[in-house]
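The values are calculated or read from the model by the stated rules, or taken from the named source; none is laboratory data. Computed from a predicted structure; not experimentally measured. As a convention, Cβ positions derive from the backbone with ideal geometry for all residues, glycine included, and neighbour counts pool all protein chains shown. Heads up: the accessible areas ignore ligands, DNA and RNA and are worked out on the full protein's heavy atoms, side chains in. Shrake-Rupley method; radii C 1.70, N 1.55, O 1.52, S 1.80 Å.
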Amino acid sequence: MSMFEDIFFPKNFDEGVEFMPLFSVGDGEDDEMEFEIEYDDLPLLALKNTVLFPGIVIPITVGRDKSIKAINKAYDKDRIIGVVSQKDSKIENPKIKDLYKVGTVARIMKILKMPDGTITAIIQGHQRMVLTEVLKTDPYLVGKVEKLEDIPPREEREFKALSASIRDLAHQIVQLSPNIPSEATVILKNIDSEAFLLNFIASNLGVKIEAKQSILEISEMTTKAETILEHMDSELQLLELRDQIENKVRGDLEKQQRDYFLNQQLKTIQEELGQGSGEQDILELEKRSKGKKWSKEVGDAFAKELKKLRRVNPAVAEYSVTMNYLELLLDLPWNEYTKDNFDLKKAQKILDKDHFGLEKVKERIIEHLAVLKLKNDMKAPIVCLVGPPGVGKTSLGKSVAKALKREYIRMSLGGLHDESEIRGHRKTYIGAMPGRIIQSLKKAGSSNPVFILDEIDKVGKNFRGDPSSALLEVLDPEQNGTFHDNYLELEYDLSKVLFIATANSLSTIQPALLDRMEIIHVNGYSLEEKVEIAKQHLIPKQREEHGLKAKNIRLKPEILAQIIKQYTRESGVRELDRRIAGIMRGTAKKVAMEETYNVTVAKSDLYDLLGPVRYNNERYTEPHMPGVTVGLAWTQVGGDILFVEASLNAGKGKMTLTGNLGDVMKESATTALSYLKANSESLGLDTEIFTKKDIHVHVPEGAIPKDGPSAGITMLTALTSAFTGRSVKPFLAMTGEITLRGRVLPVGGIKEKILAANRAGIKEIILCKENEKDVKEIKSEYIKGLNFHYVERMGEVLEIALEF
């Protein structure tokens with residue numbers, strides 16, 4: 001119990017119970033009291049749980065027989081009694097050894113007899129005394145005592161300062177104690193005696209009996225004041241700490257009560273509006289979680305987040321964040337797989353039906369299915385289809401999914417520049433969401449879909465990160481079994497996903513990413529393949545989209561071939577699809593307006609339906625003046641025809657290169673000129689011509705950037721033709737890289753280049769001997785009518801290409 005609390009909250013006290021100390025009606029200076037004390041024969045009263053200080057008035061309920069007799073005897077005689085404290089409050093009949101020697105001589109002010117046989121005595125401390133001898137113990141304690149005088153303070157100023165500090169601390173304690181009324185400060189102000197102030201404060205200290213007894217035994221006033229101040233300081237610290245704790249607890253309780261009250265109101269409003277409560281949502285989440293096939297790690301994470309959700313107020317933002325996260329965990333197809341179609345013949349038919357050609361890709365898919373059929377836990381391959389636009393790379397993925405009976409997902413990576421699109425944002429951010437990989441799997445509802453990563457060569461990179469680096473984990477069979485999404489914060493198994501990436505060029509793909517993928521080149525279509533694709537796929541599709549029937553229009557193969565030659569110039573079939581759509585629109589207009597027209601489209605109808613001829617191959621096949629050579633080039637849209645023109649002018653041997661050429665192409669021209677100078681005698685050239693003539697090499701269509709080594713033999717042939725005046729054969733094209741020593745080196749994109757040459761009406765093609773293997777991979781019917789010359793040195797090229 002804190003200081004002063006007992007002053008205002010009296011109880012029934014006996015010599016064994018905590019008492020209620022009061023202060024004297026006077027000022028506490030009772031040295032001149034009108035009574036005499038017999039120190040040699042003084043009745044004694046033993047107190048159990050308290051210490052009586054001089055000047056202090058306390059009521060005591062007396063119940064022990066000896067104590068009652070001592071009180072009555074003293075009251076009848078002179079009302080003077082000696083009061084000492086027991087060392088052990090549990091002893092009922094204390095001996096001399098059980099009592100402290102130092103006590104207080106007190107005066108009995110009043111006795112009240114109670115109905116239960118006990119008496120209540122009000123006593124006031126008068127003078128400190130020391131018990132020297134116990135004279136008798138029956139019928140009550142009687143002892144011989146000596147008076148103890150207080151020793152004045154050593155330094156008066158120091159003592160006054162100590163007294164002032166004690167008063168200040170007492171005021172602070174009163175303010176911090178909630179059970180002490182503010183009137184206690186008035187009591188303190190009315191105490192003028194410093195000695196009584198010390199006794200009053202010591203009597204009310206919330207310390208043990210032993211500590212109070214030790215204060216009573218101190219005679220030197222300064223030491224007593226210092227001891228009391230030390231105890232008060234400890235009590236003040238305890239009160240301050242308790243006050244801080246109570247304020248914090250009170251604040252927390254007020255917030256909880258406020259939140260509870262608001263939640264109850266919100267719950268009532270939601271029930272009135274017919275909305276479900278948060279608890280119903282949590283129960284629904286628990287119910288859904290019972291059917292999931294997730295691992296122990298995921299289950300523990302779900303249980304932890306669900307437990308946290310129960311503690312969160314539904315009105316705060318964290319509730320919706322946690323709810324969204326838990327719903328994602330439930331929506332993801334953990335260890336849920338669709339059953340693959342292991343009927344390989346049926347899968348082959350589906351692939352052949354949906355796509356004409358593309359034999360290598362189909363073969364790779366069937367091989368994967370065959371291994372999967374024999375060994376069910378095989379990791380899915382990471383396939384990258386590389387080829388020009390419009391050859392069916394993306395649509396092939398849908399056919400693969402159909403053949404395998406798997407879910408189909410397509411994610412376009414073109415222009416993607418933020419790594420978080422792949423790996424997601426941390427859920428601590430506002431508006432955070434998982435990456436597109438996890439989102440797509442959630443949408444598919446299966447952990448083994450066919451996943452198309454479209455346009456992987458067009459992934460961007462900026463200050464937000466490098467998405468292609470994030471894809472390294474996705475596309476590595478050794479790592480994607482433990483794919484980590486920043487939002488999910490759990491490992492997800494992507495090893496069963498069949499990833500198929502598509503690209504137009506490998507040059508812009510990060511080397512480390514390229515190394516993780518199995519590259520399959522999807523080459524452009526030949527004329528015959530395009531005709532078949534148009535017959536089997538494009539015409540039926542466009543006819544249906546334009547509301548026409550088979551009887552409304554008929555396109556013969558020769559008409560389709562003419563459309564391909566004169567109105568398209570591509571490796572794929574997108575432009576052909578648009579041309580067929582134009583024919584369908586024209587026909588639909590005539591059918592709708594009930595006009596008469598030829599159901600079978602003739603050559604003469606093409607001008608009305610598609611306009612004038614867009615592409616003419618005559619310029620590639622007609623004879624050219626010396627210095628003009630036809631080369632073959634590879635672009636991102638397929639193979640193409642390239643003219644190289646060289647002319648001589650009077651000058652000093654300077655060479656000019658134009659046509660928006662890249663560094664490699666310029667170096668090819670320089671290499672070709674150096675070879676000519678070194679072999680001028682064998683070619684019948686005067687060496688002085690190289691110092692008297694300026695050379696200009698131009699590649700038409702200057703708005704298009706051009707680069708690469710494959711125009712090397714074309715450059716050399718054009719320069720030789722210009723210097724010798726000998727024309728290059730018509731219907732001839734060539735491709736290959738050259739060295740200073742005149743060797744011809746192999747180049748890439750052979751099939752695309754040959755198909756471009758075939759479309760342009762070229763009859764003869766010069767290639768490096770090492771490229772012969774690439775030609776053999778092309779079906780013979782697609783290169784029928786083409787004559788190939790395989791060379792190893794530049795001299796062979798000139799013998800074949802130049803006319804005499």
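Assorted remarks:
- In the set Gly524, Gly547, only one residue is open to solvent by 50 Å² or more (accessible area, probe 1.4 Å), among the small types (Gly, Ala, Ser), over 30 Å from Glu327 (Cα atoms) and in contact (Cβ under 8 Å) with a residue 40 or more places away in the chain; that residue is Gly547.
- Of all residues in the range 282-295, none that is closer than 18 Å to Glu491 by Cα has its Cβ atom under 6 Å from the Cβ atom of a residue that is charged (D, E, K, R), 6 or more apart or on another chain.
- Top-ranked residue of the range 101-158 - restricted to ones that are touching a helix residue (DSSP H, G or I) at 6+ places or on another chain (Cβ under 7 Å) and aliphatic (A, V, I, L, M), ranked as nearest to Glu210 (Cα to Cα): Val102
- Residues being closer than 10 Å to Ser710 by Cβ and open to solvent by 20 Å² or more (accessible area, probe 1.4 Å) - total across the range 729-746: 3
- Contact annotation: residue pairs with Cβ atoms under 9 Å, 6 or more positions apart or on different chains, pairing a residue in the range 243-262 that is under 15 Å from Asn313 (Cα atoms) with a partner that is aliphatic (A, V, I, L, M), are Asp259/Ala315; Leu262/Ala315.
- Residue pairs meeting the criteria (Cβ under 9 Å; at least 6 apart or on separate chains; first of a type in the set (Asp, Glu), in the range 704-718; second assigned to a loop (DSSP other than H, G, I, E, B) and at pLDDT 85 or above): Asp707/Gly662
- Scanning the range 182-202 for residues that are in contact (Cβ under 8 Å) with a residue 60 or more places away in the chain, surrounded by 15 or more Cβ atoms within 10 Å (Cβ to Cβ) and over 17 Å from Asp150 (Cα atoms) yields a total of 3.
- Only residues that are surrounded by fewer than 17 Cβ atoms within 10 Å (Cβ to Cβ) and in contact with a Ser or Thr (Cβ under 7 Å, 6 or more places away or on another chain) were counted across the range 369-393, and they come to 1.
- Tyr597 vs. criteria open to solvent by less than 80 Å² (accessible area, probe 1.4 Å), without any contact (Cβ under 8 Å) to a residue 12 or more places away in the chain and over 27 Å from Leu358 (Cα atoms): yes
- Matching strands (runs of 3 or more DSSP E) fully within the range 554-661 where at least 1 residues are within 22 Å of Glu528 (Cα to Cα) and not hydroxyl-bearing (Ser, Thr, Tyr): 628-635, 638-650
- The selection criterion, being out of contact with any Asp or Glu (no Cβ under 6 Å at 6 or more places or on another chain), modelled with pLDDT under 80 and basic (Lys, Arg), holds for Lys248.
- Of all residues in the range 313-339, exactly one satisfies the criterion of being out of contact with any Ser or Thr (no Cβ under 9 Å at 6 or more places or on another chain), assigned to a loop (DSSP other than H, G, I, E, B) and at pLDDT 80 or above, namely Lys339.
- Any hit, the range 758-765, residues being under 28 Å from His521 (Cα atoms), assigned to a helix (DSSP H, G or I) and touching an Asp or Glu at 6+ places or on another chain (Cβ under 6 Å): no
- Ser295 of a type outside the set (Asp, Glu), at negative phi, modelled with pLDDT of 80 or more and open to solvent by 20 Å² or more (accessible area, probe 1.4 Å): yes
- Cβ separations smaller than 8 Å between residues 6+ apart or across chains give the following pairs from the range 440-458 residues that are without any contact (Cβ under 8 Å) to a residue 40 or more places away in the chain to residues that are crowded, with 21+ Cβ neighbours inside 10 Å: Ser440/Ile409; Ser440/Pro449; Ser440/Phe451; Lys443/Ile409.
Residue by residue, here is whether (1) of a type in the set (Asp, Glu); (2) touching a residue at least 24 places away in the same chain (Cβ under 8 Å); (3) in contact with a His (Cβ under 9 Å, 6 or more places away or on another chain); (4) not in a helix (DSSP H, G or I) holds:
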| site | (1), (2), (3), (4) |
| --- | --- |
| Asp116 | yes, no, no, yes |
| Gly125 | no, yes, no, yes |
| Leu131 | no, yes, no, yes |
| Val145 | no, yes, no, yes |
| Pro153 | no, yes, no, yes |
| Glu158 | yes, yes, no, no |
| Ser163 | no, yes, no, no |
| Arg167 | no, yes, no, no |
| Ala170 | no, yes, no, no |
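- Boolean, Val450 is open to solvent by less than 10 Å² (accessible area, probe 1.4 Å) and of a type outside the set (Lys, Arg): yes
- Of everything in the range 86-126 that is among the polar types (S, T, N, Q) and at pLDDT below 90, the residue that is most open to solvent (accessible area, probe 1.4 Å) is Asn93.
- Restricting Glu217, Glu155, Glu230, Glu149 to residues that are of a type in the set (Asp, Glu), surrounded by 12 or more Cβ atoms within 10 Å (Cβ to Cβ) and over 30 Å from Val312 (Cβ atoms) narrows the list to Glu217.
- The residues on offer are Glu752, Glu701, Glu770, Glu737, and the sole one that is in a strand (DSSP E or B), in contact (Cβ under 8 Å) with a residue 24 or more places away in the chain and under 55 Å from the mean Cα position of the chain (by Cα) is Glu737.
- Subset tally (residues that are closer than 20 Å to Asn523 by Cα and open to solvent by 100 Å² or more (accessible area, probe 1.4 Å)) for the range 339-368: 3
- Selection of the range 774-798 for residues being under 26 Å from Glu532 (Cα atoms) and open to solvent by 60 Å² or more (accessible area, probe 1.4 Å) yields Lys776, Glu777, Lys779, Ser780, Glu781, Lys784, Gly785, Asn787.
- Condition broken by Glu336, with the remaining ones in (1) of a type outside the set (A, V, I, L, M, F, W, C); (2) surrounded by 17 or more Cβ atoms within 10 Å (Cβ to Cβ); (3) within 30 Å of Lys304 (Cβ to Cβ) satisfied: (2)
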